[in-house]
Amino acid sequence: MNRKVIQITAAALLFSLSPLILADEKVSMRANYFSDNTGTVVKSPAAEFVKDLFGGFEFGLRYSLDRVLIPPINSIQVRPTDGTTGASRPAGNADKTYAKNRSEIIATLSKDSYSASYYYSNELDYVGRMATIATNADFNRKNTNIAGSYSFGWDNIKPTGIDTALTKIAHNINATLTQAIGPKTIGRFGVDFAYLSGFQSNPYRIVRMQNVNIIPIENHPLQRLRGAFFAKLNHYFESKTALNFEYRFYADDWAILSNTMNMYYYQYMKENVLIRYRYRYYTQSASNFYQDIYTGQQAFMTGDYKMEAFSAHLFGLKVEYKLKKLLDDGFFSFLAGSTIDAKYERYFSSNDFTADIFQFGLVLNY
Amino acid sequence: MREIFLLSFTGILLIIFGITFNGCVAIKPYERELLADRVMDFDSIDEERVMERHFLETREGSVGGHGGSGGGCACN
């Protein structure tokens with residue numbers, strides 16, 4: 001099934017890209033490399049393009065493939081990252097590295113202020129789907145914009161080695177207000193809500209018990225209501241620099257509260273070189289059923305690091321180079337509006353987790 | 001649950017605020033050059049964020065707060 005999805009997507013991309021060479025649109029390709037101190041490695045190539053269609057419609061397609069390598073369970077000192085979804089790795093062949101592929105495709109069709117998109121992801125034990133509709137409207141001579149969206153998701157989980165099929169349903173709504181505050185300042189504020197029902201645990205993860213003779217599997221509640229408020233402010237300085245500031249407050253009915261602060265500082269070094277420095281701080285409280293070690297069987301139990309209280313920092317540097325100067329004339333002049341970029345970020349948290357993230361990108365603007 | 005109610009209330013306030021005060025600031029088209037720069041565009045790094053969200057949601061208990069697309073600077 002996974003291979004079929006990859007083949008269909010690759011064919012669709014190739015088919016769609018060929019007429020795009022002459023179009024006045026964008027193609028981008030990215031390669032992500034992620035590694036952490038548990039030994040998990042994720043390599044993710046991704047491609048995206050946007051194309052104008054007849055009648056004022058615009059079509060976008062994004063495809064990515066994750067190649068996930070999770071180390072032997074016995075070698076892991078820190079609780080491992082869940083690969084790319086909550087499905088993680090099965091316990092079988094615990095002394096061997098576990099490799100799996102995950103493919104993801106997002107197709108978007110938009111016209112004027114309306115858009116509809118479909119998301120599909122597939123891996124050995126998890127299929128995720130989500131349909132989204134979104135709209136936005138300008139007011140006050142385009143100084144104000146109000147946007148809203150609704151998404152419906154339905155996932156199927158088929159744990160490896162376990163004879164059961166599980167489902168998860170998700171409803172998401174979002175309202176966003178964007179406001180120009182001055183000639184150099186713009187703000188965005190909004191709220192997101194999500195209601196999830198169905199299986200929300202990791203089918204392979206065991207819970208730490210005081211009595212080592214009992215090894216229960218994680219069991220999270222089947223319903224979850226989640227909400228977030230966010231505020232963003234971008235300001236441009238005279239010195240060809242800009243500061244983007246973001247804050248998010250999150251709460252859910254599992255009693256997790258979190259605060260996130262995110263800052264990007266941009267500096268134009270030359271007309272065609274842009275440098276971005278980044279810092280992100282994140283802190284959260286524990287869920288109401290989280291315990292380091294359980295003393296007895298309870299209705300809800302978790303071994304999930306995402307359920308504990310912790311804080312995390314992320315530092316990053318990105319360099320973007322516009323090919324314009326290099327390719328103004330000659331055979332490659334059609335790439336003149338394109339950019340290449342490289343990014344490095346380091347993430348580390350108070351629960352003994354560190355990760356390095358590298359990303360390389362090429363954006364072709366025809 | 002108290003926090004969820006607070007967030008709902010904030011959302012309603014946000015919409016009322018947007019509808020009531022959207023005429024208070026009016027940046028003229030010729031003043032929007034800097035607002036149109038890509039470093040001022042909230043959506044310019046969406047593609048990068050998709051990949052990042054992927055990783056963060058496997059490590060952190062929170063999601064959301066990214067916002068839908070919209071202009072507000074007459075540049076979309």
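Brief remarks on what is shown
- Boolean, residue A:122 is buried (at least 17 other Cβ atoms within 10 Å of the Cβ), out of contact with any Pro (no Cβ under 9 Å at 6 or more places or on another chain), in the same structural domain as residue A:202 (by TED's automatic domain parsing) and within 20 Å of residue B:50 (Cβ to Cβ): yes
- For segment A:175-197, the criterion of a residue being polar (S, T, N, Q), in contact with a Ser or Thr (Cβ under 6 Å, 6 or more places away or on another chain) and in a strand (DSSP E or B) is satisfied by at least one position.
- Meets criteria (over 15 Å from residue B:38 (Cα atoms) and either surrounded by 17 or more Cβ atoms within 10 Å (Cβ to Cβ) or touching a residue at least 24 places away in the same chain (Cβ under 8 Å) (or both)) for residue A:277: yes
- Here the condition is being within 16 Å of residue A:364 (Cα to Cα) and modelled with pLDDT under 85; of A:46, A:87, A:23, A:31, it holds for A:23 alone.
- When A:188, A:205, A:224 are screened for being buried (at least 18 other Cβ atoms within 10 Å of the Cβ), at the interface with another protein chain (Cβ under 7 Å from one of its Cβ atoms), in contact (Cβ under 8 Å) with a residue 12 or more places away in the chain and under 26 Å from the mean Cα position of the chain (by Cα), only A:188 passes.
- Any chance residue A:227 is of a type in the set (Gly, Ala, Ser) and within 29 Å of residue A:292 (Cα to Cα): yes
- Of all residues in segment A:296-327 being assigned to a strand (DSSP E or B) and among the hydroxyl-bearing types (Ser, Thr, Tyr), the one that is surrounded by the fewest Cβ atoms within 10 Å (Cβ to Cβ): A:311
- Any hit, segment A:251-258, residues being surrounded by fewer than 19 Cβ atoms within 10 Å (Cβ to Cβ), away from chain B (no Cβ under 12 Å) and modelled with pLDDT under 95: no
- Considering A:164, A:160, the condition of being in contact with an Asp or Glu (Cβ under 6 Å, 6 or more places away or on another chain) and assigned to a loop (DSSP other than H, G, I, E, B) is satisfied by A:160 alone.
- Identity of the residue in segment A:305-325, among the hydroxyl-bearing types (Ser, Thr, Tyr) and closer than 30 Å to residue A:255 by Cα, that ends up farthest from the other protein chains (Cβ to nearest Cβ): A:311
- Pairing residues of segment A:143-165 that are away from every other protein chain (no Cβ under 14 Å) and in contact (Cβ under 8 Å) with a residue 60 or more places away in the chain with residues that are part of a strand (DSSP E or B) and buried (at least 22 other Cβ atoms within 10 Å of the Cβ), at Cβ distances under 6 Å and at least 6 apart in sequence or on separate chains, gives A:157/A:126.
- Failed item, numbered, when residue A:265 is tested on (1) without any contact (Cβ under 8 Å) to a residue 60 or more places away in the chain; (2) exposed (fewer than 15 other Cβ atoms within 10 Å of the Cβ); (3) not basic (Lys, Arg): (2)
The values are calculated or read from the model by the stated rules, or taken from the named source; none is laboratory data. Just so it is clear, the structure is predicted and the values come from calculations on it, not from any experiment. Here the Cβ is made from the backbone with ideal geometry for all residues, glycine too, and neighbour counts use every protein chain on show.
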